[in-house]
Amino acid sequence: MSYASPITANEIPAAPLIADVRVDQDESNLSAVAWGAILAGAATAASLWMILMILGAGLGLSSIPQWLNADITVATFGVTTIAWLVFSQIVASGMGGYLAGRLRTRWLGVPRDEVWFRDTAHGFLAWAVSALVTATLLTAMIGAFVSDGIQAGAAYAEPAPAAELTAARANGGGMSDRLTYYIDTLYRTDTTDGDRYAPSAAVTAESARVFTNALDQGSLSPADIRYLGATVAEKTGLSQDDAQTRVADTFGQLQSRLGELDVNERALAEQARKAAATAAIWLFISLLSGAFLASLMAIFGGRQRDL
């Protein structure tokens with residue numbers, strides 16, 4: 001009768017220890033997301049970002065007041081503003097991500113790769129929560145980045161003569177300040193006889209309506225020139241020909257002035273649109289950089305925690 005050789009102690013498979021089984025069971029009952037650490041990191045990131053932006057406003061490096069009033073221009077959103085915006089977002093997000101990784105509960109029995117992934121997720125979640133909080137508190141500023149260019153383009157989409165007509169219609173058919181000035185020039189005279197030469201409100205209102213209609217049509221018709229010329233001649237003592245010449249010259253000056261304003265306003269609108277687009281792009285870059293730094297610093301904080 002033969003006997004098999006006994007199994008050596010080295011060949012016996014190691015049975016799982018009771019302590020390891022308990023650790024695995026405890027780990028399976030725990031959530032992989034430590035919301036306490038995430039919220040702490042998010043609060044830190046949002047608060048630190050606000051403090052840095054306020055400091056930048058005090059030092060003249062940021063333009064929060066202009067953003068809140070939707071008054072973004074190339075001058076208010078310059079290189080220093082962009083640099084401070086990116087710097088503030090990186091510092092705040094990095095600190096929030098570090099705390100989210102450092103304060104989370106230590107995981108036992110979890111592979112190192114999984115620990116790194118969870119730390120990265122904690123940092124990203126801390127950044128995401130802080131971004132939502134910041135967007136909620138500063139909705140006006142965030143909305144200004146996106147809509148300022150659209151608002152500027154809509155404000156100056158119509159030419160200056162059309163804007164003058166809109167102002168007159170909004171005033172119940174009355175005259176705007178600019179139109180009032182040119183109507184007054186029609187009836188100027190060197191005489192001091194106010195009773196004879198002072199036009200009534202009805203006369204000036206009618207003249208304004210004629211000019212408004214001419215602006216809408218693009219030119220002053222000969223019939224309107226003759227009619228206004230007769231009125232001006234009656235009120236000022238000028239001859240009919242001189243009065244008609246004054247009417248035509250005054251309307252031409254009004255058209256020329258409105259054309260110059262139209263060019264300037266369109267240039268300002270284009271500058272505002274470009275500034276708004278630049279602000280939106282750099283806001284995106286700063287937020288993206290903040291997300292990356294928060295995730296990276298969460299890994300560093302987690303490794304510090306596990307030492």
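Could you please let me know if VAL86 is β-branched (Val, Ile, Thr) and at pLDDT below 55? Answer is no for this residue.
Within the stretch 92-105, can one find any residue that is among the charged types (D, E, K, R) and modelled with pLDDT under 80? Talk me through it step by step, then tell me what you get.
Applying the first criterion (among the charged types (D, E, K, R)) to the stretch 92-105 yields 102, 104.
Imposing the further condition that a residue be modelled with pLDDT under 80 reduces the set to none.
Checked the stretch 92-105: no residue is among the charged types (D, E, K, R) and modelled with pLDDT under 80.
Scanning the stretch 201-253 for residues that are among the hydroxyl-bearing types (Ser, Thr, Tyr) and either at pLDDT 85 or above or exposed (fewer than 15 other Cβ atoms within 10 Å of the Cβ) (or both) yields SER207, THR212, SER219, SER221, TYR227, THR231, SER239, THR245, THR250.
Being surrounded by fewer than 13 Cβ atoms within 10 Å (Cβ to Cβ) and among the hydroxyl-bearing types (Ser, Thr, Tyr) is the filter; apply it to the stretch 15-56 and report the residue that is modelled with the lowest pLDDT. Looking at the filtered set, the residue picked out is SER28. Candidates are the residues of the stretch 106-122 that are within 20 Å of PHE292 (Cβ to Cβ) and among the β-branched types (Val, Ile, Thr); the one that is modelled with the highest pLDDT is THR120. Selection of the stretch 80-109 for residues being exposed (fewer than 15 other Cβ atoms within 10 Å of the Cβ) and over 35 Å from the mean Cα position of the chain (by Cα) yields THR105, ARG106, LEU108, GLY109.
The values are calculated or read from the model by the stated rules, or taken from the named source; none is laboratory data. Note that the structure is a prediction, hence the values are computed from the model and not measured. For neighbour counting, all protein chains shown are included, and Cβ atoms are generated from backbone atoms with ideal geometry for every residue, glycine included.
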